[in-house]
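The values are calculated or read from the model by the stated rules, or taken from the named source; none is laboratory data. From a predicted model like this one, the values you see are computed outputs, not experimental measurements. Reconstructed Cβ throughout: ideal geometry from the backbone, glycine too, with neighbour counts over all protein chains shown.
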Amino acid sequence: MFRQYQSTYKVFLVLLLGFFSICAMAQKNEIGGGLGIMYYTGDLARKLIISNVRPAGTVFLRHNVNDHISVRASFTGGKLVGNDNKPLDAFATARNASFNIFISEFAGSFEYYFLDFRSERAVVNWSPYFHGGVGIFGMLGQQNKNATYSDIQITVPLGAGFRYQMDKKWAFGVEFGARVTFFDYLDNISQGDIFNKNFQYGNKNDNDLYYFAGFTVSYTFYKVICPTIPLKQGYGRR
């Protein structure tokens, strides 16, 4: 499993480095990070349960295409937990399932800012925004799998945020995003007939989701500093 993670992550690290090297040739590129929370919904929790919330973090590179659109490459990590402590019904009480895994996510996203806050003519220094993209996530810690499945899956991050530009270099924000998956084993529960339930049942037609919410800070590089070679005294003079 480690080799599977290693090869996939190498590909995404190369893509991230490529993204950064391309952006390094232009102005208005950012590096940033954030801290927040992560939680999940699925067969063990149909809605947010406070006891399932865990800390999470993110780091990202952002390129500001124009005054309204940015593109971002990010890594987000955190724990996901769930259990039948608050069962959905009597069968869930008997099931008494639980899981505790670590999620590592690499994603590429675009951001659309609704207000013009970056241009010279801007009258505000803040804007709400929408973000969406595609990525992959890996799971660590799943024990005693109930089925055969890969620990690396595709995800579609979708969400919204608010950004405040303190000055030309520093910006602060708050963001919430759902991670849509095509996978029903985040909680290791899926297969089962919902009309003829057993103690391990789940709804295989209802994929699991996970969420990230947090505060972010970023630093903008407005100029690329290139090395210069000092001219000898008198060189080029006539």
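I'd like to check something: does region 145-159 contain any residue that is in contact (Cβ under 8 Å) with a residue 40 or more places away in the chain, touching an Asp or Glu at 6+ places or on another chain (Cβ under 6 Å) and under 22 Å from GLY78 (Cβ atoms)? Looking for residues that are in contact (Cβ under 8 Å) with a residue 40 or more places away in the chain, touching an Asp or Glu at 6+ places or on another chain (Cβ under 6 Å) and under 22 Å from GLY78 (Cβ atoms), one finds none in region 145-159, hence no.
Would you check if ASN29 is under 22 Å from ARG163 (Cβ atoms), modelled with pLDDT of 55 or more and loosely packed, with under 12 Cβ neighbours inside 10 Å? The answer is no for ASN29. Scanning region 132-155 for residues that are closer than 17 Å to TYR185 by Cβ, among the β-branched types (Val, Ile, Thr) and modelled with pLDDT of 95 or more returns ILE136, ILE152, ILE154, THR155. If you scan region 95-136, which residues turn out to be within 20 Å of TYR164 (Cβ to Cβ) and among the acidic types (Asp, Glu)? The answer is GLU111, ASP116, GLU120.
At pLDDT below 95, closer than 19 Å to ILE189 by Cα and of a type outside the set (Phe, Trp, Tyr), is that true of ASP67? The answer is no for ASP67. Of all residues in region 46-81, those satisfying the criterion of being without any contact (Cβ under 8 Å) to a residue 60 or more places away in the chain and either touching a helix residue (DSSP H, G or I) at 6+ places or on another chain (Cβ under 6 Å) or aromatic (Phe, Trp, Tyr) (or both) are LEU61, HIS63, ALA73, PHE75, VAL81.
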